[in-house]
Amino acid sequence: MARETVYIGFGSNVGDRVDFCDRAVTLLSLLPHSTLTGVSLLYETEPVFDHAQPGDGWFLNGVVQVDTDITPRSLMMVLREIERALGREDAHRAGPRTIDLDILFYGDRVIEEPDLVVPHPRLHQRRFVLMPLSELAPLLVHPVRQRSVNQMLADVDDRSGVRLLFPQPSTRYGSRPGCSPHLDV
């Protein structure tokens with residue numbers, strides 16, 4: 001299987017949110033058969049009460065870009081395992097969370113299975129996903145909606161609060177400001 005570019009959204013609204021986000025990004029950087037190629041800045045975001053009850057705590061959200069040949073189903077299983085390792089409870093998936101990991105795009109694939117839908121079915125409605133995603137892939141075109149990330153961001157009706165976290169945290173995990181390879185001069 002050839003490598004494909006995958007975008008994974010991450011967020012936390014419980015406990016030390018920066019630490020949970022950094023640990024998730026670090027674990028994603030260790031995926032086998034994969035290279036972490038980008039990490040967005042962190043955004044502080046108001047909880048969205050649509051199908052979930054995430055609690056009142058604001059989230060920290062971001063997006064990572066990974067080149068991988070892990071299958072979409074296997075990747076989803078790894079993401080769920082990372083969530084469990086970082087304290088997310090399967091029984092309360094719709095509630096407050098230490099970490100939430102979602103496959104936003106997997107190349108240009110469209111997958112509709114009972115427990116795996118790609119592209120993420122609500123990403124076009126969520127400013128807190130589109131803002132960090134636009135840092136990494138502003139011209140990426142949604143394979144179903146045929147709109148770029150920037151176009152979807154300009155048209156989104158979501159008016160919930162989303163603000164760039166300032167100052168951006170330094171990290172002991174080396175995940176930010178970017179994950180591009182360093183060139184030795």
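Each value in this text was obtained by applying a stated rule to the coordinates, not by laboratory testing. This structure is a prediction, so every number in the text was calculated from the model and none was measured. A quick note on method: Cβ atoms are made from the backbone with ideal geometry, for glycine too, and the neighbour counts reach across all protein chains shown.
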- request: When a/c is below 1.5 the answer is rounded, else prolate if a/b is larger than b/c, else oblate, so apply that to region 60-101 with a ≥ b ≥ c taken from the square roots of the Cα gyration tensor eigenvalues.
  value: oblate
- line: For Arg159 and Met77, extending 7 Å from Cα along the Cα-Cβ vector and measuring point to point gives, in nm, a value of 4.5 nm
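Quick one: order Met131, Met1 by neighbouring beta-carbon count within 10 Å, fewest to most. Spell out each step's value before the answer.
Details: Met131 22, Met1 8.
Ranked by crowding around the Cβ, least crowded first: Met1, Met131.
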- prompt: When Thr37, Thr68 are ordered from fewest to most other Cβ atoms inside 10 Å of their Cβ, what list results?
  reply: Thr37, Thr68
- request: Report relative contact order for region 4-164 in percent, whole number only (criteria: Cα-Cα under 8 Å, sequence separation at least 6).
  value: 29 percent
field: Dipole moment magnitude, nearest 20 debye, the chain about Cα centre, only Lys, Arg, Asp, Glu C-beta charged
entry: 140 debye
statement: Under 14 Å by backbone N from the virtual spin label 7 Å along Cα-to-Cβ at Asp69, the residues of region 79-120 are none
field: Gaussian network model of the chain, springs between alpha carbon atoms under 10 Å - residue of Phe59, Phe166, Phe105 with greatest fluctuation
entry: Phe166
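Beyond 28 Å, what share of the Cα-Cα pairs of the chain is found? Please give it as a whole percent. Write down the numbers at each step before the final one.
Numbers: 3014 of 17020 pairs.
Percentage above 28 Å: 18.
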